[in-house]
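Please read the structure below before turning to the comments.
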Amino acid sequence: MLRDLLAVLILVMFFGGYYLYQKNPLNLHWITHSVQNITPSPVDLNQPFLQNLSSGSTVTSPLTLKGYVPANWVFEGQFQLFLLDSRRREILHAPVHVEADPSHQKSVLSFDQTFNFSASDKSGFLVLRNDNPSGLPQNQKSLEIPVQLSSKYTCPQKPWVNCMPGLGPRSPACAPEYLQWAKLNCPDFRGASY
């Protein structure tokens, strides 16, 4: 008899607990939803927020951008970056890829990407623009940040860099990092001669 009573009590506790869990499963859904949407203090969630750059900052190549962008600025996992000189001529135009959000529930997405550029001007503008597949002007959004431009490298004067061995130290223009940069950023650059 005691064993039957204990078995009934265990069954009641099991089914009662299961019923309560189904009715309110520890109310954890709101906790995970809130944690997914926390970002480090962007003031306006309708505008991109750059962690490592502000108005008047000096940008050098390679330029690394880290920050957050509203999800409605993104189409197919990217938005657009433009670097313009002081006369608003395009120095760089590239897509910025955001961190994937498989749940499609985040209102703000993070990005961290590096870009190479070559600039002769001392000032310019960094423009972040939403990816606007419709092409409609009313759907266009952008954020423009005035910046100071500085390049670690400059394009070579001639299409070929002389890397022939000789007396003295090796030319910095023959370093693999520079040659790669010149290949990406200098339209007239043809290569190095050895």
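The values are calculated or read from the model by the stated rules, or taken from the named source; none is laboratory data. Treat the numbers as computed from the prediction; the structure is a model and nothing was measured. Positions of Cβ are backbone-derived with ideal geometry, glycine not excepted, and every protein chain shown enters the neighbour counts.
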**Message:** Just the residues that are surrounded by 14 or more Cβ atoms within 10 Å (Cβ to Cβ) and not hydroxyl-bearing (S, T, Y), please, taken from region 52-71.
**Reply:** L53, V59, P62, L63, L65, K66, G67, V69, P70, A71
**Prompt:** Yes or no: Q80 more than 15 Å from L53 (Cβ to Cβ) and not in a strand (DSSP E or B)?
**Reply:** no
**Fill in**
Across (1) in a loop (DSSP other than H, G, I, E, B); (2) surrounded by 11 or more Cβ atoms within 10 Å (Cβ to Cβ); (3) among the charged types (D, E, K, R); (4) modelled with pLDDT under 85, D131 clears everything bar (4)
**Request:** Exactly one condition in (1) at negative phi; (2) surrounded by fewer than 19 Cβ atoms within 10 Å (Cβ to Cβ) is not met by L81; state its number.
**Result:** (2)
**Fill in**
Of the candidates S171, S123, S118, the one satisfying the condition of being more than 20 Å from L45 (Cβ to Cβ), outside the structural domain of L81 (by TED's automatic domain parsing) and either under 17 Å from the mean Cα position of the chain (by Cα) or not basic (K, R) (or both) is S171
**Prompt:** Has region 151-171 got at least one residue that is crowded, with 17+ Cβ neighbours inside 10 Å, hydrophobic (A, V, I, L, M, F, W, C) and in contact with an Asp or Glu (Cβ under 7 Å, 6 or more places away or on another chain)?
**Reply:** no
**Request:** Kindly establish whether I38 is under 30 Å from H97 (Cα atoms), at pLDDT below 65 and not in a loop (DSSP other than H, G, I, E, B).
**Result:** no
**Asked** Just wondering, is there one or more residues in region 174-190 that are small (G, A, S) and in a loop (DSSP other than H, G, I, E, B)?
**Response** yes
**For M164: the one exception among (1) assigned to a strand (DSSP E or B); (2) within 28 Å of P187 (Cα to Cα); (3) touching a Ser or Thr at 6+ places or on another chain (Cβ under 7 Å)** = (1)
